[in-house]
Amino acid sequence: MKINLCFERVLCIRAKALFKTFILMKFIVLLLALTCFKVNALVHAQQITLNVKDMPLIKVLDQIEKQSGFQFFYDNKIFSNPTSTITIKVKNVDINTALKKCFTGQPFSYQIIDKTIVVKPKPGLLERIGNYLKDIMVSGQVTDANGQPIAGVTVGLKNGKTFAITSTEGKYNINVPENAILVFSYIGYVTQEIPVNNITTHNVSLKEAVGLLDEQVIRGYGTTTQRLRTGNISVVKGETIANQPVTNPLQALIGRVSGLMITQGNGLPGSSVDVQIRGRNSITQSSTSNIPLYIVDGVPFPSETGLIRPSTFSSAMPINSISPNDIESISILKDADATAIYGSRGANGVILITTKKAQAGKSKFDFNMSNGYGSLTRTAKPLTTTQYLQMRRDAFANSGTTPTVSTAPDLLSWDTNTDNNLQEWYIGNTSEHWDSSASLSGGNSQTNFLISGNYHHENTIFSENDQYRRGNLRFNLGHTSSNRKLKVNLTSFYSNDFTKIQNSTLNSLINIAAFIPNYPLFDANGNYNWLANLNNPLALATSYWKNNTGNLNTNLLIDYDIIPGWQIKSSFGYNNMTYKAALPNPSKSYNPSNGTLGNTNFASANREAWIIEPQTTFSKRISKGIFDFLLGATIQQINSSASQVNVINYIDEQLLESQAGGSVSTATSSKSEYNFLSFFARSSYNWENKYILNGTFRRDGSSRFGPGRQFGNFASIGGAWLFANENIIKDNVKWLTYGKLRASYGSTGSDGIGDYGYLSLYGNPLDYGSSRSIRPSQIANSEYQWEINNKLELALEAGFFKDNILLSAVYYLNRSNNQLVTYPLPSTTGFSGYTANLPALVENSGWEFELNTTNLAKKNITWSTSFNLTIPKNRLVDFPNIELTSYANTLIIGQSLNTVLRFNFLGIDPATGLTLVEDVNKNGIFTNRSSYNNQGGDYVNVGNTDPKWYAGLNNSIRFKGFQLDIFFQYTKRKNFNLFTDANGAASFGRLRNTWTDYLDYWKQPGDQTTIPKPSAVANASVSLFSISSAAFSDASYLRLRNVAFSYKFSPSFSNKLGLNALRLFAQGQNLLTITDYIGYDPENASSNASIPPLKMFTFGLQVTL
């Protein structure tokens, strides 16, 4: 394991805070145990003093009785032996200590019962032999609810040391007393106690655990439960995901998991999401630097196509290819204990997606169909023509210039009664979506299968002609040999999604909303107008973007039980993703005066990956605990290729989607290979479900590093103390049914950079005279090495009143150093930058709280609540010589990586209507550079885009066949608003529309306002306003994220219809948003406004045959 010196400095710096946290946790534990300590104090409070030599034991007991108040109970005959004398000297000891010294070496035993001490002789050898001969051999089989044998179940004697482990056939044999009680326990199942009652055969059926603490949880290369885990793993069930009308399953996680921040890119179907687990770890903002690792059914899954797309509006995120209805659960791994087993790939957390598997039982057919509609949640309103023209008149007056036909056609030439609300035309429509899925499953105790398919179709708020389609087919087959030793499981799915949408490269939301409302879109002949050097948005809309993504994912898992407790297995995974896109631009999308013919940009990409992971696991009961060991290896290869071709001069525009219809203008292609080799191990020891220790180690090798630097070592250690299982608490604090303290520390790494960064690369061939030449495209750096992320976590978990209230509090501290970045170089070098390690140290820390309650649990009605809260903090701890780097104008030591530097807005001068900003360096010149790091500018820290805190609240109510789920999400943060320069604020007053948020602009001397006066010409006041703190404001919001209502008909009614089950449901998404944000939607607020998330309504039915 790599020990990082800077992290040692972390512990010194944060020692005080961590010490307070630890003391707080211990105080809570002590408080919970207060009741039991009172009882224990009665035992220890009595002080005993003895000083005797060769005194009969019975007289010593009389002295103890007089000093302590305890009474002894015994048969006088047992003290008839005169040799029962003792010599003892003790002073002011508790009664337990005194008794232990008295009875050491004596043929007696004792037991304290309340205020009575029972003394009796120890059994002799013959008596012990007789007791053993009274034991009987008990055997049987342990199965699940479907009658399937369960291997690895612990069968133990209650309060004893005798135990057995069930075989692959679920069978066991154990020698126990005839009146003993057997305890059957296994992860994910309810523990059962069975009295022997002198019966030699006991077949037991274990029920799956329904409590949150005992449900099986998927973790890296194995399973555990929430009760026994030492790491931080959050789980979202498939039912929760399927209740939401989303195309991307990750959108269903928004607000539901503490420490997980997901931001929807835009409101279009198939759009990407930004996912961060516990904040931003890397300085660089590349597509691979801060994203988590995705694992789908054991196979690493790409987070994006890896292709630069010809459109900026949407992206082909591969996770879209997975239907939400096919997901069994999603596990989010956060801390070192949970993620270190993935080594260099787990630095930013891990998301494990498990799809539904086949189950034994009679064949059944499930069908699910739904239909719904979507519209905008909220918008910003552009000025009407009347409002716009008045603003333009004021702008000319403020500029002291006279409008002319060339400078003000909107005022003097165009119809002032025309009011084209292009934003309404662009995004004011209603989208419609259809979704249908079907599955067939069944099998017996040895072989089972599942086949499912899904089809989703959705148009957009742009037009019903714009659409997104996804179809997938999934297959799962499981087989177990007759002796239950060999198990084979094959899971495979293929998905294809298709998107066709109008081009947005020029037709962005900002350009549409800011388009002049009285612009004459058509001439007298009905053709598109191209006036005042402005693009015609309707003409631009004739360009469109099409893309098609195919995704094949397969995993074969083979495992064999050599002997009970020792298993070998191997996973074989394969993923193939193809991506094709075209951006046709017909000639009518261009100004005809340019004479431009139609052209098309074509793009394609292919990613092929395979992975083999052989493993062996060993489990053995040692003393009172269970020891588990995992050893494995990972061999992975990814081959990627991409190409882009620009074809121009199409004569026949019916061939715009064919490369043969025109002439090739430019063509580029790339190809890369990534190899990964790793060895990993994990060992854990669970002592009586009280003390658990878990350790992991991984050695990773990556082809992205140069010779001698390709391997890195990563490790973690985690421990848990289930203090509520201590007898003193379990017997005396009845209301505390679960309590655990856990901690973990370890390191993960990152190779989140491009391939071949350590080599000099050449490309971009050029003609040099009659010769073909190449030029260098990348400068080599073979010295960079692994980025390291050290993670520390402390947690307290507690359950009250039979676990009807479950509470957890977590403190985490992650530090990432040796930052891997693309370091910018001056243009004079001929290179844009090179890959290197920066000595910067980034910290993410925070608190996470989760509360789950069962408020009501009756036969026909249940009500449960879940709540999560995250308070994160990101900061740049150290960056030596930052003032000499290109980051000097964007980062500040001690502040967030997402810090925003702008002029400090002081208001609007009431006399002049001009913007007032702070002159930090007092030189009379406003310089848009940082005032930190010796940069000499006037930019100050106006905040950051990190959430201050975010939370989610869900209530689930079931009454007979009805179910209602209501989920709220809240985020407290700041972000860019409509006044930013990226949204055109610097052009306020010129030939460009704006929003009603600007209407309170300065109009005359004495006006008190926060909006400057408009100007018909370039104006420093307006420019300063757009790059000041006025353009960065509160973007907090409360959102009714999801409401799901369903009714499941009774079995008797369903059977009358010839069905096994019938369920009707209605779902709503993004139904209500409360915010003061100045802009479109606060969720995807940024320096560039984008399509807001949609308000969705869905209705459907589910049928089981």
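The values are calculated or read from the model by the stated rules, or taken from the named source; none is laboratory data. For clarity, every value in this text was computed on a predicted model and none was experimentally measured. All Cβ positions, glycine included, derive from the backbone under ideal geometry; neighbour counts span all protein chains shown.
Worth a mention:
- Inter-residue pairs, beta-carbon under 6 Å, first farther than 16 Å from residue 439 by Cβ and in region 469-481, second surrounded by fewer than 20 Cβ atoms within 10 Å (Cβ to Cβ), 6+ apart: 469/457; 469/498; 479/447; 479/488; 480/446; 480/487
- Residues of region 687-714 that are within 26 Å of the chain's Cα centre (by Cα) and surrounded by fewer than 22 Cβ atoms within 10 Å (Cβ to Cβ): 693, 695, 697, 699, 701, 713.
- Neighbours by Cβ (under 9 Å, 6+ apart or cross-chain): first from region 692-709, in contact (Cβ under 8 Å) with a residue 24 or more places away in the chain; second basic (Lys, Arg) and assigned to a loop (DSSP other than H, G, I, E, B): 692/229; 694/229
- Single residue of region 103-124 satisfying the filter (in a strand (DSSP E or B) and of a type in the set (Val, Ile, Thr)) that is modelled with the lowest pLDDT: 113
- Picking from residues in region 1051-1105 that are aliphatic (A, V, I, L, M) and surrounded by 19 or more Cβ atoms within 10 Å (Cβ to Cβ), the one that is nearest to residue 423 (Cα to Cα) is 1091.
- Exactly one residue among 542, 549 is within 30 Å of residue 987 (Cα to Cα), of a type in the set (S, T, N, Q), touching a residue at least 40 places away in the same chain (Cβ under 8 Å) and buried (at least 16 other Cβ atoms within 10 Å of the Cβ), and that residue is 542.
- When residues in region 956-998 are screened for being at pLDDT 95 or above and among the aliphatic types (A, V, I, L, M), 3 of them pass.
- Lone qualifier among 320, 368 - being touching a residue at least 40 places away in the same chain (Cβ under 8 Å), outside any strand (DSSP E or B) and over 30 Å from residue 788 (Cα atoms): 320
- Residue that is nearest to residue 454 (Cα to Cα) [pool: residues in region 290-312 that are buried (at least 22 other Cβ atoms within 10 Å of the Cβ) and at pLDDT below 85]: 305
- Any hit, region 591-599, residues being under 33 Å from the mean Cα position of the chain (by Cα) and buried (at least 16 other Cβ atoms within 10 Å of the Cβ): no
- Condition met for residue 732 (in contact with a helix residue (DSSP H, G or I) (Cβ under 9 Å, 6 or more places away or on another chain), surrounded by 13 or more Cβ atoms within 10 Å (Cβ to Cβ) and more than 29 Å from residue 684 (Cβ to Cβ)): yes
- If the condition is being within 40 Å of the chain's Cα centre (by Cα) and of a type in the set (S, T, N, Q), then region 994-1022 contributes 994, 996, 1010.
- Some residue of region 440-447 being touching an Asp or Glu at 6+ places or on another chain (Cβ under 9 Å), part of a strand (DSSP E or B) and closer than 30 Å to residue 245 by Cβ: yes
- Of residues in region 609-655 being of a type in the set (Asp, Glu) and in a strand (DSSP E or B), the one nearest to residue 228 (Cα to Cα): 628
- The one condition in (1) under 29 Å from the mean Cα position of the chain (by Cα); (2) assigned to a loop (DSSP other than H, G, I, E, B) that residue 496 fails to fulfil: (2)
- Screening 604, 684, 623 for residues that are within 18 Å of residue 582 (Cβ to Cβ) and either assigned by TED's automatic domain parsing to the domain that holds residue 557 or in contact (Cβ under 8 Å) with a residue 24 or more places away in the chain (or both) leaves exactly one candidate, 604.
- Residue list for region 155-175, restricted to those being part of a strand (DSSP E or B) and in contact with an Asp or Glu (Cβ under 6 Å, 6 or more places away or on another chain): 175
- Contact map, region 172-185: residues that are assigned by TED's automatic domain parsing to the domain that holds residue 153 and small (Gly, Ala, Ser) paired with residues that are crowded, with 17+ Cβ neighbours inside 10 Å and outside any strand (DSSP E or B), Cβ distance under 6 Å, separation 6+ or inter-chain. Pairs shown: 180/196.
- Count of region 448-466 residues, restricted to those that are touching a residue at least 24 places away in the same chain (Cβ under 8 Å), assigned to a strand (DSSP E or B) and either closer than 22 Å to residue 496 by Cα or of a type in the set (Phe, Trp, Tyr) (or both), is 9.
- Single residue of 637, 615 found to be surrounded by fewer than 16 Cβ atoms within 10 Å (Cβ to Cβ), within 25 Å of residue 680 (Cβ to Cβ) and within 27 Å of the chain's Cα centre (by Cα): 637
- Taking the criterion of being out of contact with any Ser or Thr (no Cβ under 7 Å at 6 or more places or on another chain) and over 12 Å from residue 398 (Cβ atoms), the residues of region 986-1004 that qualify are 987, 991, 992, 993, 994, 995, 996, 997, 998, 999.
- Any hit, region 413-432, residues being part of a strand (DSSP E or B), modelled with pLDDT under 95 and surrounded by 18 or more Cβ atoms within 10 Å (Cβ to Cβ): yes
- Between 342, 388, the distinction of being within 30 Å of residue 611 (Cβ to Cβ), touching a residue at least 40 places away in the same chain (Cβ under 8 Å) and surrounded by 15 or more Cβ atoms within 10 Å (Cβ to Cβ) belongs to 342 only.
- Hits in region 241-265 - residues which are without any contact (Cβ under 8 Å) to a residue 40 or more places away in the chain and over 10 Å from the mean Cα position of the chain (by Cα): 251
- Complete set of residues in region 150-171 that are touching a residue at least 60 places away in the same chain (Cβ under 8 Å), surrounded by fewer than 20 Cβ atoms within 10 Å (Cβ to Cβ) and over 12 Å from residue 184 (Cβ atoms): 161, 169
- Residue list for region 656-667, restricted to those being free of Cβ contacts under 8 Å to residues at least 12 places away in the same chain and either part of a loop (DSSP other than H, G, I, E, B) or outside the structural domain of residue 546 (by TED's automatic domain parsing) (or both): 658
- Test: residue in region 975-982 that is assigned to a helix (DSSP H, G or I), under 32 Å from the mean Cα position of the chain (by Cα) and of a type in the set (A, V, I, L, M): yes
- Taking region 1020-1076 as the range and being part of a helix (DSSP H, G or I), within 30 Å of residue 912 (Cβ to Cβ) and either not hydrophobic (A, V, I, L, M, F, W, C) or not assigned by TED's automatic domain parsing to the domain that holds residue 380 (or both) as the test, the residues that pass are 1021, 1023, 1026, 1029.
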